[in-house]
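Right, one structure below, let's go through it.
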Amino acid sequence: MQIGLLGKANVGKSTFFSAATETPVASGNFPFTTIEPNIGVAYVQSDCACKHFGIKHENPLCVNGTRFIPVKLIDVAGLVPGAHEGKGLGNQFLDDARQAEVLIHVVDIAGTTDIQGQPIPVGTHDPLEDVAFVQDEFDQWFADILKREWDKITREIDQKRAKLTDGIAKRFTGLGIKDYQVQEILQRQGLISKNPKDWQDEDIQRFVKELRKSTKPMIIAANKADLCKDFEVIKKIPEITIPCSAETELLLRKAAKAGIIHYSPGDEDFDIVQGKEIPPPQQKALELVKSVLTKISSTGIQKILNTAVFDSLKFIVVYPVEDETKLTNKDGEILPDTKLIPQDSTAKDLAGLIHADIAKGFLHAIDCKTKQRISGEQKLKNGDVIKIVSTLSRG
């Protein structure tokens with residue numbers, strides 16, 4: 001599971017990364033602060049299966065019945081208009097972003113930075129322009145990939161060496177795009193039976209736009225929301241858009257780590273640790289945080305991560321165990337592991353994620369909640385606890 005973090009300079013992208021992963025990275029008021037992709041571990045949240053069974057277990061990733069599930073967060077290099085033509089850091093950005101299954105586009109919703117990322121007064125830049133230009137860069141990148149190979153695709157089809165779906169999908173394998181995804185869009189747009197020689201430029205543009213939306217879903221992180229003077233702008237963004245304050249989240253996490261406050265990512269408030277003496281500067285900072293949370297409810301960072309994985313990608317959480325009665329692994333740890341898998345995944349799909357040998361020798365699975373035996377084709381549900389029975393093991 002890889003989530004890409006996009007955005008122009010100075011919108012708070014590196015701060016978002018630091019807040020989500022608690023990993024310090026370079027940040028500052030200049031373009032291309034992030035030159036190489038930073039990769040860190042963030043966490044999405046779900047109810048732990050321990051709540052269903054009414055049991056307690058010692059696991060640092062289960063906090064009061066909330067399970068923290070690790071995902072990889074990639075903070076890629078800065079982007080400017082014209083990146084697909086090589087401007088700024090150009091295709092390095094797009095190449096880094098291709099690794100991601102879902103994208104979070106951090107936008108300065110308060111309009112305090114111009115299109116190049118230079119600081120300007122609050123509200124003097126339209127954030128809708130930033131949303132549009134990033135999507136356009138991806139669309140043009142996809143179009144360039146296709147146009148470069150279009151003559152070759154046409155010849156392959158003429159010579160009956162390839163079908164249209166295969167010819168196009170082959171060009172996008174580096175982005176993790178599958179044949180069936182290409183096929184669905186071709187059919188939806190009525191292009192499946194159209195000779196590629198007859199395609200117009202608008203056909204290609206329409207196709208790649210839909211391909212990008214389907215294969216690289218994008219969440220808009222409306223950052224600096226606490227500074228925003230006009231929240232109506234959020235309603236004008238067609239994509240899923242969530243107000244957030246990365247700076248506030250980072251401050252809260254640091255204060256919690258220092259033992260000053262009680263705070264868990266996603267909380268709408270925090271409590272000061274009883275008896276803790278807080279110096280005036282920190283007290284002032286926490287008062288500012290209170291005012292931010294009053295305005296935007298929560299910092300939004302956790303909600304954005306959860307939305308990216310569970311709503312955009314429609315992934316579910318399952319718990320593989322080796323002992324279906326004790327809900328443990330071979331070391332006796334209760335509910336030790338989680339797997340994020342696509343909706344409609346089967347028991348055999350889960351076996352393959354655990355180990356290829358286990359999938360090869362798959363016999364059946366056991367639903368630990370119902371105690372029922374299930375087949376390899378049984379679709380799994382969010383929160384399922386599953387024991388895989390196989391003729392082969394990793395040992």
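The values are calculated or read from the model by the stated rules, or taken from the named source; none is laboratory data. As the structure is a prediction and not an experimental result, all values here were calculated from the model. Using ideal geometry, Cβ is built from the backbone for each residue, glycine included, and neighbour counts are taken over all protein chains shown. Ligands, DNA and RNA are stripped out before the accessible areas are found, and what is left, the full protein with its side chains, is counted by its heavy atoms. Shrake-Rupley method; radii C 1.70, N 1.55, O 1.52, S 1.80 Å.
Across the stretch 231-240, coupling constants 3J(HN,Hα) worked out from phi with the 6.51/-1.76/1.60 Karplus curve, θ = phi - 60°, read 6, 4, 4, 5, 5, 8, 8, x, 6, 4 Hz, and Gly and Pro carry x. The calculated 222 nm mean residue ellipticity attributable to helices in the chain amounts to -10000 deg cm²/dmol, summing -39500 (n - 2.57) over DSSP H runs of n ≥ 4 and dividing by all residues. In terms of the mean number of neighbouring beta-carbon atoms within 10 Å, the peptides 309-321, 124-136 order highest first as 309-321, 124-136. With each label modelled as a point 7 angstrom along the Cα→C-beta vector, the E377-D230 pair spans 5.6 nm. Karplus-derived 3J(HN,Hα) values for the stretch 299-311, using 6.51 cos²θ - 1.76 cosθ + 1.60 with θ = phi - 60°, are 5, x, 5, 5, 4, 5, 4, 4, 5, 4, 7, 8, 9 Hz; glycine and proline are entered as x. Across all C-alpha atoms in the stretch 161-313, the radius of gyration and Dmax reach 23.2, 75 Å. Here's how it looks for V385: its modeled amide H is under 5 Å from those of Y319, C368, K369, which are all 5 or more places away or on a different chain. Our note on the geometry: Cα centres of the stretch 271-289 and the stretch 122-138, 36 Å apart. Placing a label point 7 Å from the Cα of K330 along the Cα-to-Cβ direction, no residue of the stretch 367-389 has its backbone N under 12 Å from that point.
Placing R0 at 35 angstrom, the Cβ-Cβ distance between K56 and L363 gives a FRET efficiency of 0.65 after rounding to 0.05. Pairwise Cα distances in the stretch 213-294 exceed 22 Å in 38 percent of cases.
In whole percent, and with a 1.4 Å probe on the protein chains, what portion of the accessible area of the chain is carbon and sulfur?
On the way: 9240 of 19070 Å².
The computed percentage sits at 48.
Annotation for the stretch 346-395 versus the stretch 186-240: alpha-carbon center distance of 37 Å. Counted over the stretch 123-227 with a bin width of 5 Å, the fraction of Cα pairs per bin, in whole percents, is 2, 11, 22, 23, 15, 9, 7, 5, 4, 2, 1, 0.
Around the amide H of I219, modelled in the peptide plane, lie the amide H atoms of L103, I104, H105, all under 5 Å away and 5 or more residues distant in sequence or on another chain.
Treat every Asp and Glu Cβ in the chain as -1 and every Lys and Arg Cβ as +1, leave all other atoms uncharged, and give the resulting dipole magnitude about the Cα centre to the nearest 20 debye.
On the way: 51 positive and 55 negative charges, 202 e Å.
The calculation lands at about 980 debye.
The convex hull around the C-alpha trace of the chain, projected and averaged over every direction, spans 23.2 square nanometres.
Based on the Kirkwood radius over alpha-carbon pairs, what value in µm²/s does the Stokes-Einstein equation return for the translational diffusion coefficient of the stretch 239-395 at 25 °C and 0.890 mPa s? Numbers along the way, then the final one.
Numbers: Rh = 18.6 Å.
The Stokes-Einstein estimate is 132 µm²/s.
Karplus-based coupling profile of the stretch 346-361, in residue order and whole Hz: 9, 4, 6, 4, 4, 4, x, 5, 6, 5, 4, 5, 5, 5, 4, x, with θ = phi - 60° in 6.51 cos²θ - 1.76 cosθ + 1.60 and x standing for Gly or Pro.
For the pair K254 and S291 in one chain, pulling the backbone fully straight at 0.36 nm per residue adds 11.5 nm over the alpha carbon distance.
When the Cα positions of A255, Q343, T391 are compared along the charge dipole of the chain, T391 comes out farthest toward the positive end, with charges on each C-beta of Lys, Arg, Asp and Glu.
Think of the chain as a dipole: +1 on every Lys or Arg Cβ, -1 on every Asp or Glu Cβ, centred on the Cα centre; then among L286, V134, I145, I145 lies furthest on the positive end. Amide hydrogen proximity for S390: with H placed 1.01 Å from N in the peptide plane, the residues at 5 or more positions away or on another chain lying under 5 Å are L363.
Solvent-accessible area per residue in the chain equals 48 Å², computed with a 1.4 angstrom probe and all protein chains kept.
What does the net charge come to around I334 if you take all other residues with beta carbon closer than 15 Å to its beta carbon, with K and R at +1 and D and E at -1?
Numbers: positive: K51, K56, R67, K326, K330, K369, K387; negative: E58, E322, D323, E324, D331, E333, D337.
Local net charge: 0.
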